[in-house]
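**Student:** The structure follows.
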Amino acid sequence: MANSAQARKRARQAVKARAHNASLRSRLRTAIKAVRKAIVGGDKAAAQSVFRISESTIDSIADKKIIHKNKAARHKSRLSAAIKAMAAA
C-alpha cells in the first residue's frame, strides 16, 4: 500500500485512468466487430459505411495512445482488404 500522500493520490488516479482506458479499448473492439459483422452480412455498401465510422474511432483511440498507431493501421488495412475482397467473391 502507498505510504505517502503523493503515492496514494497517484494510486487513485491510476484506477481512474485504467477504467477510462478500458472503456476506450472496449469501444475499439466493438467498432471492429461491427465492421466484421457487416462484412459477413454480405452488403458491401453497408460494410463500407460502417468501416468509415469505425475508421475514425480506431484513429481516435490510436491518437490517445491506447493502442499503437501501427496496430491501428493494421486493423484498418485488414478490414479494408476484407471489404475489397467482397467484390471479387
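Matching residues to (1) assigned to a helix (DSSP H, G or I); (2) free of Cβ contacts under 8 Å to residues at least 40 places away in the same chain; (3) of a type outside the set (S, T, N, Q); (4) surrounded by fewer than 17 Cβ atoms within 10 Å (Cβ to Cβ):
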{"position": "F51", "(1), (2), (3), (4)": "yes, yes, yes, no"}
{"position": "S60", "(1), (2), (3), (4)": "yes, yes, no, yes"}
{"position": "K65", "(1), (2), (3), (4)": "no, yes, yes, yes"}
{"position": "S77", "(1), (2), (3), (4)": "yes, yes, no, yes"}
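**Student:** On to the next question. Go through (1) surrounded by 12 or more Cβ atoms within 10 Å (Cβ to Cβ); (2) without any contact (Cβ under 8 Å) to a residue 40 or more places away in the chain; (3) among the charged types (D, E, K, R) and name the single condition K33 misses.
**Tutor:** Condition not satisfied by K33: (1).
**Student:** Quick one: A45 ticks every box in (1) out of contact with any helix residue (DSSP H, G or I) (no Cβ under 9 Å at 6 or more places or on another chain); (2) touching a residue at least 12 places away in the same chain (Cβ under 8 Å) bar one, so which box is it?
**Tutor:** (2)
**Student:** Of the residues A11, A46, A31, A7, which single one is part of a helix (DSSP H, G or I) and closer than 19 Å to I61 by Cβ?
**Tutor:** Among A11, A46, A31, A7, only A31 is part of a helix (DSSP H, G or I) and closer than 19 Å to I61 by Cβ.
**Student:** Test N70 against the criterion of being surrounded by 14 or more Cβ atoms within 10 Å (Cβ to Cβ), over 9 Å from the mean Cα position of the chain (by Cα) and at pLDDT 95 or above, and give yes or no.
**Tutor:** no
**Student:** A2 passes all but one of (1) surrounded by 11 or more Cβ atoms within 10 Å (Cβ to Cβ); (2) at pLDDT 95 or above; (3) not in a helix (DSSP H, G or I); which number fails?
**Tutor:** It is condition (2) that A2 fails.
**Student:** Can you spot a residue in the stretch 68-75 that is touching a helix residue (DSSP H, G or I) at 6+ places or on another chain (Cβ under 7 Å), in contact (Cβ under 8 Å) with a residue 24 or more places away in the chain and either on the phi > 0 side of the Ramachandran plot or aliphatic (A, V, I, L, M) (or both)?
**Tutor:** Taking every residue of the stretch 68-75 in turn, none turns out to be touching a helix residue (DSSP H, G or I) at 6+ places or on another chain (Cβ under 7 Å), in contact (Cβ under 8 Å) with a residue 24 or more places away in the chain and either on the phi > 0 side of the Ramachandran plot or aliphatic (A, V, I, L, M) (or both).
The values are calculated or read from the model by the stated rules, or taken from the named source; none is laboratory data. Predicted model, so just to flag it, every value in this text is computed and none were measured. Cβ atoms come from the backbone with ideal geometry, glycine included; neighbour counts cover every protein chain shown.
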